[in-house]
Amino acid sequence: MNKSRTGNVQKERLQKVMARAGIASRRKCEELIAEGVVKVNGRLVKEQGIKVDPQKDRIMVQGKIINRLEDKIYLLMYKPRGYVTTLHDPEGRKTIVDLLKNIKERVFPVGRLDYDSEGLLLVTNDGELANALTHPRHEVKKTYLVTVAGIPLPKSLEQMSKGLELEDGMTAPTQVALVELLEDRSLLEITVHEGKNRLVRRMCEKIGHPVLRLKRIKLGTLSIKGVKPGQYRLLNTKEIRELKKSAGLIVQARTTKYKPKHIN
């Protein structure tokens, strides 16, 4: 795609610049533009595809000037149950922002985990990566440990692995393994690559075994191992590179200044 130029500076699509500045994923930035909350040099912009100079143009989103280009930051969080995966909650519930102390960058969650779910959540200000990870064409795998009521029959697990008919269509083939049998419940490991809302819970309900507890343990090449509920750590260079590979992005030869560590 050709990019228009001003001097030696390449102009880029507005939504891409917004995503890179850490506003949100590219698709969400497109929604913000359509909602009429974005201005460029004082002019309200609602059409998609407008190109801007990220170094010169003054871009405002919801009345706030966006930063030029923030350093990218990538956090692996263990979201506890009882927190919503948003930056603000109109109902006044606790959000992941309450756990992000000591982080000055404007970050946002990639994907979602239900209020009653827990586990691995990627938080970043890299809108391009967020967009790629959540795009269906990349099929980034997500693995969950799921406690369900009762003991599913092998036939039910086979049906789940091949695909189930839900209200929004057939599910894609799923990896399902029975990990442990308890008195009145079972522990399953389920790996999906679709991003449908409450997919794992709906699949388990479909086979007659509602979810009692759901924990995401993997996202692509990332693992929750070693991170406790409510904690987060910074990804290292290798993890960022592998994550971008799984999302189909070209990795530039750039190292991160952050070292992985736990932050309370």
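Where a number appears in this text, it was derived from the coordinates with a stated rule and is not lab data. As the structure is a prediction and not an experimental result, all values here were calculated from the model. Cβ: placed from backbone, ideal geometry, glycine included. Neighbour counts: every protein chain shown.
Taking the DSSP bridge list for the chain and keeping only pairs wholly inside it, about 95 percent are antiparallel.
May I ask for the net charge around Leu87, where only other residues with Cβ less than 11 Å from the Cβ of Leu87 are counted and Lys, Arg are +1 while Asp, Glu are -1? Can you show the working numbers first?
Working: positive: Arg106; negative: Asp89, Asp98.
Taking every other residue near Leu87 into account, the sum is -1.
Using 0.36 nm per residue, how much length does the chain from Ala149 to Glu180 gain when fully extended, once their Cα-Cα distance is taken away?
Here the answer is 9.9 nm.
Each Lys and Arg contributes +1 and each Asp and Glu -1, all at the Cβ; summed about the Cα centre of the chain, the dipole is approximately 1300 debye.
With the cut-off at 24 Å, tell me which of the pairs Lys16/Lys46; Lys39/Lys196; Lys196/Lys228; Lys28/Lys64; Lys28/Lys162 have Cα atoms farther apart than that. Table pairs above 24 Å Cα-Cα are Lys39/Lys196; Lys196/Lys228; Lys28/Lys162.
Shape of the chain from the C-alpha gyration tensor: prolate (a/c of 1.5 or more and a/b above b/c, with a ≥ b ≥ c the square roots of its eigenvalues). Couplings for the range 206-220, taken from phi via the Karplus curve 6.51 cos²θ - 1.76 cosθ + 1.60 with θ = phi - 60°, read 4, 8, x, 9, x, 6, 9, 8, 9, 9, 7, 10, 9, 9, x Hz in order; Gly and Pro are left as x. Between the amide H of Ile103 and any residue lying 5 or more places away or on another chain, no distance stays under 5 Å, with hydrogens modeled in the peptide plane. Residue-wise HN-Hα couplings along the range 184-200, as the Karplus relation 6.51 cos²θ - 1.76 cosθ + 1.60 with θ = phi - 60° gives them from phi, are 10, 8, 9, 10, 10, 10, 10, 10, 10, 10, 8, x, 5, 5, 6, 4, 4 Hz; Gly and Pro carry x. Of the residues Ile66, Leu188, Gly226, the one whose Cα sits farthest toward the positive end of the charge dipole of the chain, with +1 on the Cβ of Lys and Arg and -1 on the Cβ of Asp and Glu, is Ile66. Please label the shape of the range 95-161 as rounded, prolate or oblate, based on the square roots a ≥ b ≥ c of the eigenvalues of the alpha-carbon gyration tensor (a/c under 1.5 means rounded; beyond that, a/b larger than b/c means prolate, else oblate). Because a/c hits 1.5 or more and a/b fails to exceed b/c, the range 95-161 counts as oblate.
Quick check: net charge around Val148, other residues with Cβ under 10 Å of its Cβ, Lys/Arg +1 and Asp/Glu -1? Display every interim value, and only then the final one.
Working: positive: Arg185, Arg201, Arg213; negative: Glu205.
Value of the local net charge: +2.
Between helix 237-246 and the chain there is an angle of about 80 degrees, using the helix long axis and the longest principal axis of the Cα atoms. When Rg and Dmax are taken over the Cα atoms of the range 100-250, they come to 16.2, 50 Å.
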